[in-house]
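Let me begin by presenting the structure, written as structure tokens, before commenting on it.
The values are calculated or read from the model by the stated rules, or taken from the named source; none is laboratory data. Just so we're clear, the structure is a prediction, and the values are computed from it rather than from any experiment. Here Cβ is always computed from backbone atoms with ideal geometry, including for glycine, and neighbour counts include all displayed protein chains.
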There are 2 protein chains.
Amino acid sequence: MKNFNFYNPVKIIFGKGTIEKIGTEAARYGKKALLVYGKGSIKNNGVYSAVTESLKASGVAFVEHEGVKPNPVLSHAREGVKKAKENKCDIIIAVGGGSVIDESKTIAAGALYGGDVWDFFTGKAAIKDARPLLAVLTIPATGSEMNSGFVLTNEETSEKFASGSAASFPKVSIMDPLVTMTLPAAQTANGAVDALAHIIEGYFTTKDKDAEMTDELVHAIARSVISSTDRILANPKDYNARASMMWSATLALNGLQALGYGGVSFINHAIEHSLSALYDIAHGAGLAIVMPAWFKYDLKISGPERLAKFGKAVFGVTAVSDKEAAEKTISAFEKWFAKIGAPLRLSELKIPAADIPKIAENAMALINMWEIGCDRKSVEEILRKAA
Amino acid sequence: MKNFNFYNPVKIIFGKGTIEKIGTEAARYGKKALLVYGKGSIKNNGVYSAVTESLKASGVAFVEHEGVKPNPVLSHAREGVKKAKENKCDIIIAVGGGSVIDESKTIAAGALYGGDVWDFFTGKAAIKDARPLLAVLTIPATGSEMNSGFVLTNEETSEKFASGSAASFPKVSIMDPLVTMTLPAAQTANGAVDALAHIIEGYFTTKDKDAEMTDELVHAIARSVISSTDRILANPKDYNARASMMWSATLALNGLQALGYGGVSFINHAIEHSLSALYDIAHGAGLAIVMPAWFKYDLKISGPERLAKFGKAVFGVTAVSDKEAAEKTISAFEKWFAKIGAPLRLSELKIPAADIPKIAENAMALINMWEIGCDRKSVEEILRKAA
């Protein structure tokens with residue numbers, strides 16, 4: 001078990017009818033908010049009116065920044081920074097899924113920075129401070145509501161990069177599972193795959209295979225994500241399943257999921273970021289394609305031990321050898337992804353095998369920046385297994 | 001799944017050789033510390049010198065408050081408050097197990113309060129503010145290093161009561177598993193039982209049996225505590241087992257372990273506090289006696305469902321019915337407690353059955369204060385099952 005630091009000061013307000021608390025919470029931090037959201041679905045499900053009425057009741061003024069894309073882009077984040085500065089917004093409120101929260105984290109830091117926010121993603125500048133950020137989460141998936149990281153796509157360069165800082169934790173995240181009751185099956189599935197990916201990256205790339213409490217936590221989150229998703233797909237109106245899914249996805253990337261593992265590698269994310277930067281596909285869909293392929297590739301390098309352990313604990317795999325158990329675990333992933341309607345092949349998203357060199361080339365920027373230690377040839381090999 | 005709030009801002013610094021960071025961390029919060037510790041075992045295992053050298057190197061002065069008892073007492077906490085005030089200590093540093101941290105939390109709040117600290121335990125006063133508290137944990141058990149609660153015994157009235165406040169979280173807790181390598185088997189076992197008790201209270205008294213992520217987390221912590229303890233007792237020098245035990249005990253009471261359960265009841269703790277207040281026994285030992293007895297009592301009231309679920313997930317129980325599984329789960333607890341050397345009967349600690357009415361009478365104060373809704377007759381019935 002490797003040494004670690006853990007610190008996570010996000011205040012979570014979770015449950016039915018909690019959105020109306022946003023005004024009171026926001027008023028603790030400022031008087032004028034930049035209200036960041038996506039393409040307007042919050043205006044159809046009552047979330048927008050709940051948020052804005054609560055802000056008005058608490059005397060918090062707001063300027064709107066609409067139109068965050070599912071893969072949030074640099075140009076829109078820059079607009080948000082400009083708007084926050086011009087309107088002297090002293091708080092940022094994100095209402096949406098991980099994309100909205102990620103762009104809001106960018107804006108919160110950018111509002112107190114003189115340069116261009118892309119500097120935070122290339123390593124040119126570190127984030128020293130940020131405007132207080134509050135989030136109202138509407139889609140369980142990325143965990144951004146309870147961590148200090150965020151990603152953004154530079155659409156000019158097709159780079160989907162990540163950033164983060166101790167100043168980037170939301171002060172408060174409000175999570176009302178009721179607003180997820182109408183999420184379509186595809187978004188539910190994408191969120192589930194994303195949450196699984198977050199725990200899998202650490203579990204399978206750990207530098208220390210003897211961190212039992214964290215292994216157990218990872219198994220627990222995986223089982224909860226899988227069982228909640230199964231319940232939701234069987235009955236989309238199952239509140240407890242929606243709630244469990246929402247909380248599981250948060251726990252899947254709030255820092256606890258990799259404690260004691262030492263430095264972990266986000267190889268699947270690095271490859272997937274290339275896919276969603278180039279083809280603007282859903283992050284969860286891309287991960288469902290990349291992960292089984294990476295498992296097959298990595299099995300030969302890392303051996304079957306971790307896959308066997310995971311499969312036994314999560315999928316109830318039984319086998320006479322670790323090798324057999326590992327192979328059964330990969331199959332179990334593929335079967336479950338197929339069951340929930342996630343894609344398993346690049347071809348399902350109409351991404352031609354001929355593009356593999358280009359995808360790998362793009363992925364190398366992140367792989368190198370994150371010092372993952374995987375070469376272009378290996379990335380192509382992984383992608384070919386997903387063709 | 002019930003609504004919940006979660007907030008836990010404790011910074012954890014975990015691992016080998018981390019104690020030397022106490023000076024740097026303490027210097028962020030003040031210049032003069034009250035250094036609180038127990039009966040001096042930290043002077044034999046190098047912890048005292050590591051802490052004091054680090055404080056000196058960082059220019060943090062300190063006044064010592066030695067002699068915290070395993071069940072910390074009011075008179076000694078009052079002395080600590082007096083010392084902190086007289087010496088104008090602006091930080092409190094706890095070096096020890098849960099008892100030392102709990103008394104330090106009392107002192108941290110008392111140092112900014114004009115009245116008597118017992119007021120915090122009787123409900124006469126609420127804690128509004130506290131001196132910054134930093135902890136160096138030496139015994140995994142209570143979880144106090146990452147929560148805002150604490151207990152203290154009023155030795156004049158034989159009352160072991162609890163308090164807590166948002167101001168009572170430690171700012172920083174340093175956890176070096178190396179210092180636990182020499183913990184005797186009995187203390188290891190008591191710590192394991194205490195950690196299990198913390199997750200069990202919520203799991204078995206939940207107001208909502210459909211909070212799957214939290215159930216899974218409870219199973220994960222239980223399995224980790226049990227497997228780590230087994231490894232430690234087989235090989236006390238197993239660092240990874242010590243580390244896993246230390247982190248598991250923290251997770252067992254940092255708030256996550258009961259999210260979504262709604263109000264939970266600490267019935268086993270209420271009864272055990274009476275035992276340790278009256279007989280000054282180890283908290284973990286008292287809990288090992290009370291819990292199986294309470295399970296047997298509660299099985300008739302709450303039914304077998306939760307016991308069956310827990311036993312299947314944690315002890316690998318198989319059974320044809322929930323009733324059979326529940327009974328096997330209780331047996332599994334008893335067998336495991338016996339295996340690790342924890343007591344199962346009052347008689348093992350020479351507490352006579354004739355004292356049961358007195359113990360129950362004492363327990364009623366907490367049971368009523370915590371609104372547990374259990375009468376004296378029932379407490380006596382539980383205790384008779386443990387006679």
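General remarks:
- From the options B:Gly96, B:Gly59, residue that is in contact (Cβ under 8 Å) with a residue 24 or more places away in the chain and surrounded by 16 or more Cβ atoms within 10 Å (Cβ to Cβ): B:Gly96
- Here A:Gly262 passes the criteria (1) part of a helix (DSSP H, G or I); (2) farther than 28 Å from A:Val100 by Cα except the one numbered (1).
- Any hit, the range B:293-308, residues being at pLDDT 95 or above, outside the structural domain of B:Ile139 (by TED's automatic domain parsing), under 23 Å from B:Asp210 (Cα atoms) and under 21 Å from the mean Cα position of the chain (by Cα): yes
- Of all the residues in the range B:141-182, those that are in a loop (DSSP other than H, G, I, E, B) and within 18 Å of B:Val51 (Cβ to Cβ) number 5.
- Flag if A:Glu201 is surrounded by fewer than 21 Cβ atoms within 10 Å (Cβ to Cβ) and in contact (Cβ under 8 Å) with a residue 60 or more places away in the chain: no
- Looking at A:Gly115, A:Gly80, just one residue is under 30 Å from A:Glu361 (Cα atoms) and free of Cβ contacts under 8 Å to residues at least 60 places away in the same chain, and that residue is A:Gly115.
- B:Ser75 on the phi < 0 side of the Ramachandran plot, surrounded by fewer than 21 Cβ atoms within 10 Å (Cβ to Cβ) and either at pLDDT 95 or above or in a loop (DSSP other than H, G, I, E, B) (or both): yes
- Among the candidates B:Glu327, B:Glu361, B:Glu334, the residue that is surrounded by 19 or more Cβ atoms within 10 Å (Cβ to Cβ) and of a type in the set (Asp, Glu) is uniquely B:Glu327.
- Among the residues listed as B:Lys160, B:Lys105, the single one being in contact with a Ser or Thr (Cβ under 8 Å, 6 or more places away or on another chain) and under 30 Å from B:Lys16 (Cα atoms): B:Lys105
- Odd one out for B:Val193 among (1) crowded, with 23+ Cβ neighbours inside 10 Å; (2) facing another protein chain (nearest Cβ under 10 Å): (2)
- On inspection, B:Arg231 does not qualify as in a helix (DSSP H, G or I), within 19 Å of the chain's Cα centre (by Cα) and within 12 Å of chain A (Cβ to nearest Cβ).
- Residue list for the range B:196-221, restricted to those being at the interface with chain A (Cβ under 9 Å from one of its Cβ atoms) and part of a helix (DSSP H, G or I): B:Glu212, B:Met213, B:Thr214, B:Asp215, B:Glu216, B:Leu217, B:Val218, B:His219, B:Ala220, B:Ile221
- Conditions (1) modelled with pLDDT of 95 or more; (2) part of a loop (DSSP other than H, G, I, E, B); number of the one not met by B:Cys374: (1)
- Single residue of the range A:242-279 satisfying the filter (in contact with a His (Cβ under 6 Å, 6 or more places away or on another chain) and closer than 16 Å to A:Met146 by Cβ) that is surrounded by the fewest Cβ atoms within 10 Å (Cβ to Cβ): A:Leu253
- Of all the residues in the range A:251-263, those that are under 22 Å from A:Phe337 (Cβ atoms) and more than 9 Å from chain B (Cβ to nearest Cβ) number 3.
- Pick from the range B:234-245, criterion in contact (Cβ under 8 Å) with a residue 40 or more places away in the chain and in contact with a Pro (Cβ under 9 Å, 6 or more places away or on another chain), ranking: nearest to the other protein chains (Cβ to nearest Cβ): B:Ala243
- Flag if A:Ala186 is within 13 Å of chain B (Cβ to nearest Cβ) and within 18 Å of the chain's Cα centre (by Cα): no
Residues checked against (1) in contact with a Phe, Trp or Tyr (Cβ under 9 Å, 6 or more places away or on another chain); (2) polar (S, T, N, Q); (3) surrounded by fewer than 24 Cβ atoms within 10 Å (Cβ to Cβ):
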position	(1), (2), (3)
B:Ala108	no, no, no
B:Gly115	no, no, yes
B:Ile127	yes, no, yes
B:Pro132	yes, no, yes
B:Ala186	no, no, yes
B:Thr205	yes, yes, yes
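- Single residue of A:Ile289, A:Ile330, A:Ile301 found to be among the β-branched types (Val, Ile, Thr), free of Cβ contacts under 8 Å to residues at least 24 places away in the same chain and in a helix (DSSP H, G or I): A:Ile301
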